[in-house]
Amino acid sequence: MTITLHIATKKGAFQLRSEDRENWELSEPMLFGNIIYHMVPDYRDPTTILIATRTGHLGPTIFRSEDGGATWTEAEQPPRFPEKYDRSIDFIFWLTAGHSSKPGVWYAGTSPQGLFVTEDNGRTWESFESFNDNDFIKSIVEGNMGTPIGPLTHSINIDPQNADHLVLALSSGGSFQSYDYGKTWSAFNQNVRADFMPDPYPETGHCVHNMQLHPTNPNIIYQQNHCGVYRIDQQNDDEWTRIGDNLPDEIGDIGFALIVHPTDQERVWVIPMDGSDVWPRTSVDGKPAVYATTDGGQSWSRQDTGLPDRGWFTVLRQASAHDNQEQLGLYFGNRQGEIWASIDEGESWKCIQRYLPDVYSVEVSVEP
């Protein structure tokens, strides 16, 4: 068995491989010098990998590999807004492989906020017009300033049990879903706070940081929001519950990272950050820690064994992942260029790589 961490950084992409989760070997940099926002292996075929990059003066594009990262080819037709929109993509921020019944299909989220789709494994991309040209969506995204790096479409989730059910998030927009493969869209943000809005509980305008459907029960969705950690069970609930209220008051529930256990719908990990005053966005009080719940957020436990006593970590929204093993391995990268791993589900942590460029995302693939 080979576990590969696919690491996107500010100055290129890297792969970190291990056959025992103890000894790791780092690849040479790929697309060195390019800003890599997301590097994603295809769960349907891990030899296929897509990279969302901004190549300096050449602008945003997508590179693809069909040999596990040994060679790369630029998309023949990268995501682009049709001329009628009178706007251009600043960068491609998010990539998601499509439903298992749709080989070759991928989705991309961009800044400014847009949704794009490919049906040929990333060679050619088209505007997902039923989203980009939807009047309701346009009323939210047009003129949206979004996050400090710009407005984002991210957290694109495909319901594994229903290929027509799409769920995604917009920075300074909120959570949205479609049950008819994008023909119609609805917001679902009930009971999610937006402290920066005149109405703290608006219909839209929320700043979702990370949102994930549970793979075995997609009615259950978790989100790490600008204003807390939330959970919803759409089969039983009409609104989100702020499970982050159960984190310690001195820690708070602000952050970017979110890891959902692949089989246990009650288990989740978050990495809180300092969201006070001017929003330092680093470890609370300079003491890095992961917090885990085993009961759907009713209670949380601190997991910091092996992490430094003092350290100002910043972990971005795409920079944490798991390896889907029976004894789950957890991984995160920080903006100091470090990769941290736990092979006992967060009970202890070890730094397995240092001195990388600023880490933007971490994804995992496993091959027999």
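Coordinate-derived values only; no laboratory data. This structure is a prediction, so every number in the text was calculated from the model and none was measured. As a convention, Cβ positions derive from the backbone with ideal geometry for all residues, glycine included, and neighbour counts pool all protein chains shown.
Tallying residues that are farther than 22 Å from Ile343 by Cα, free of Cβ contacts under 8 Å to residues at least 40 places away in the same chain and of a type in the set (D, E, K, R) within the range 24-44 yields 1. Which ones in the range 18-43 are of a type in the set (D, E, K, R) and surrounded by 16 or more Cβ atoms within 10 Å (Cβ to Cβ)? The answer is Arg21, Asp42. With the structure loaded, tell me whether Val278 is touching a residue at least 60 places away in the same chain (Cβ under 8 Å), part of a loop (DSSP other than H, G, I, E, B) and β-branched (Val, Ile, Thr) or whether it fails that test. When the stated conditions are applied, Val278 does not pass them. The strands (runs of 3 or more DSSP E) located wholly in the range 66-164 that include 2 or more residues which are buried (at least 21 other Cβ atoms within 10 Å of the Cβ) and more than 16 Å from the chain's Cα centre (by Cα) occupy 114-118.
Exactly one residue out of Gly12, Gly56 is of a type outside the set (Phe, Trp, Tyr) and over 23 Å from Trp340 (Cβ atoms), and it is Gly56. If you go through the range 219-259 and keep only what is of a type in the set (Val, Ile, Thr) and either outside any strand (DSSP E or B) or surrounded by 20 or more Cβ atoms within 10 Å (Cβ to Cβ) (or both), you end up with Ile220, Ile221, Val229, Ile232, Ile243, Ile251, Ile254, Ile259. Figure legend. Inter-residue proximity from the range 345-366: first residues farther than 26 Å from Glu266 by Cβ, second residues in a strand (DSSP E or B) and of a type in the set (D, E, K, R), beta-carbon distance below 8 Å, spacing 6+ or different chains. No pairs are indicated. Could you list, in sequence order, all residues of the range 220-270 that are among the basic types (Lys, Arg) and under 23 Å from Gln161 (Cβ atoms)? Correct list: Arg231, Arg267.
Taking the conditions (1) among the hydroxyl-bearing types (Ser, Thr, Tyr); (2) exposed (fewer than 14 other Cβ atoms within 10 Å of the Cβ); (3) out of contact with any strand residue (DSSP E or B) (no Cβ under 8 Å at 6 or more places or on another chain) in turn, Ser299 satisfies each one other than (3). Looking only at residues in the range 269-285 that are hydrophobic (A, V, I, L, M, F, W, C) and under 18 Å from His226 (Cβ atoms), the one that is surrounded by the fewest Cβ atoms within 10 Å (Cβ to Cβ) is Val278.
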